[in-house]
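Asks: One structure follows; several queries about it will come next.
The values are calculated or read from the model by the stated rules, or taken from the named source; none is laboratory data. The structure presented is a predicted model; accordingly, all values stated were derived computationally and were not measured. Neighbour counts run over all protein chains shown; Cβ positions are idealised from the backbone, glycine included. The area values use the complete protein model at the heavy-atom level, side chains included, leaving out ligands, DNA and RNA. Shrake-Rupley method; radii C 1.70, N 1.55, O 1.52, S 1.80 Å.
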Amino acid sequence: TSRGCPYKCIFCSSTQHWERFRMFSAEYVVEEIEKIINDNKRISSIYILDDLFIVDKNRFGEIVKLIVDKRLNKRLTFHGFVRANLVDEETCKNLKKMNFSKVRFGAESGSDKILKMLKGNSVSIEDNQHTIDLCNKYKIPVSASFMVGSPEETKGDLIKTFEFIEKNRSKM
């Protein structure tokens with residue numbers, strides 16, 4: 001539903017392939033979903049692979065409203081990616097309304113030092129924890145991806161990542 005990403009994560013190709021971030025309108029996105037399910041009646045789930053599907057809260061709210069109005073949330077489940085620094089109560093309520101069956105985000109590391117190296121100041125360990133906690137509150141299954149072997153990563157950094165995963169094992 002969109003291309004590009006304004007964030008400058010050092011490992012990501014989005015910032016190198018797309019010079020600017022752009023989105024399709026909510027109406028266009030929902031029309032595409034309808035076309036997909038009309039062309040193939042067996043489809044019961046849509047995987048949204050956007051880097052930033054939820055970045056524009058108004059657009060995301062419009063997508064959810066159209067999906068609910070057209071009762072697509074009764075026919076489909078959705079799953080896809082979120083960015084931890086963008087997840088809040090309103091986002092989780094809308095994900096639930098839309099019938100998201102699972103969300104995933106790039107936690108990357110349990111070490112502040114490594115996370116800052118990878119993602120700059122755009123996201124924190126606290127953002128990652130908040131996302132996990134909110135998804136659990138709203139009973140939205142959540143998973144996260146982690147990176148190991150980053151430049152300058154120490155055994156201590158790896159232990160912090162392991163501890164973060166262990167602390168959240170029952171939540172992810």
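Asks: Just to confirm, what accessible area per residue do you get for the chain at 1.4 Å probe, in whole Å²?
Replies: 56 Å²
Asks: Less than 30 Å apart at the alpha-carbon level, and either on another chain or at least 8 residues along: which lysines does that give for residue 35?
Replies: Qualifying lysines at Cα under 30 Å: 57, 65, 70, 74, 93, 96, 97, 102, 139.
Asks: Output the 0 to 90 degree angle, nearest 10, between the alpha-carbon long axis of helix 155-167 and the longest principal axis computed from the alpha carbons of the chain.
Replies: Once rounded, the angle reads 40 degrees.
Asks: What ratio of Cα Rg to 2.2 N^0.38 Å holds for region 98-163?
Replies: Working: Rg = 12.8 Å, N = 66, 2.2 N^0.38 = 10.8 Å.
Expressed relative to 2.2 N^0.38 Å, the Cα Rg reads 1.19.
Asks: Related question: Ignoring everything except DSSP H segments at least 4 long, calculate the 222 nm mean residue ellipticity for the chain; use -39,500 (n - 2.57) per segment, divide by total residues, nearest 500. Before the final figure, lay out each step's value.
Replies: Working: 8 runs with 79 residues, N = 172.
My calculation for the chain gives -13500 deg cm²/dmol from helical runs alone.
Asks: Calculate the dipole size of region 81-172 relative to its Cα centre from +1 charges on Lys and Arg beta carbons and -1 charges on Asp and Glu beta carbons; express the result in debye to the nearest 20. Before the final figure, lay out the partial values.
Replies: Numbers: 16 positive and 13 negative charges, 96 e Å.
Rounded to the nearest 20 debye, it is 460 debye.
Asks: Looking only at Cα atoms, what is the convex hull volume of region 133-172 per residue, in Å³? Spell out each step's value before the answer.
Replies: On the way: hull volume 2.6 nm³, N = 40.
Convex hull volume per residue, Cα atoms: 64 Å³.
Asks: Roughly speaking, what is the stretch gain from residue 146 to residue 90, that is 0.36 nm per residue apart minus the C-alpha to C-alpha distance, in nm to one decimal? Let's see the in-between values first.
Replies: Values: separation 56, 0.36 × 56 = 20.16 nm, distance 2.58 nm.
Extra length available between residue 146 and residue 90 comes to 17.6 nm.
Asks: Sort out the exposed loop trypsin sites (Lys or Arg not before Pro) in the chain (DSSP loop, at most 16 other Cβ within 10 Å) and tell me the longest stretch that has none.
Replies: On the way: sites that count: 8, 20, 41, 42, 70, 71, 139, 169, 171.
Longest run free of exposed loop sites: 72-138.
Asks: For the chain, with only Lys/Arg (+1) and Asp/Glu (-1) charged at the beta-carbon, what is the dipole magnitude about the Cα centre, in debye rounded to 20? Show your work: numbers first, answer last.
Replies: On the way: 30 positive and 24 negative charges, 133 e Å.
In debye, rounded to 20, the chain gives about 640.
Asks: Here's something else I'd like to know. If you restrict to DSSP beta bridges whose two residues both lie in the chain, what percentage is antiparallel, to the nearest 5?
Replies: Details: 2 of 15 bridges.
Once the DSSP bridges in the chain are tallied, antiparallel ones form about 15 percent.
Asks: With θ set to phi - 60° and the Karplus curve 6.51 cos²θ - 1.76 cosθ + 1.60, what are the ³J(HN,Hα) couplings of region 34-43 in order, to the nearest whole Hz, using x for Gly and Pro?
Replies: 4, 4, 4, 6, 6, 6, 9, 5, 7, 5
Asks: Using the Cα centre of region 71-172 as origin and beta-carbon charges of +1 (Lys, Arg) and -1 (Asp, Glu), tell me which of 105, 78, 141 is placed farthest towards the positive end of the dipole.
Replies: 78
Asks: Turning to a different aspect of this structure: If I model a spin label at residue 126 and residue 24 as a point 7 Å from the Cα along the Cα→Cβ vector, what separation in nanometres do I get?
Replies: 3.7 nm
Asks: Further question: Got a number for carbon plus sulfur as a percent of the chain's accessible area, 1.4 Å probe? Write down the numbers at each step before the final one.
Replies: Numbers: 4990 of 9610 Å².
After summing per-atom areas, the C and S share lands at 52 percent.
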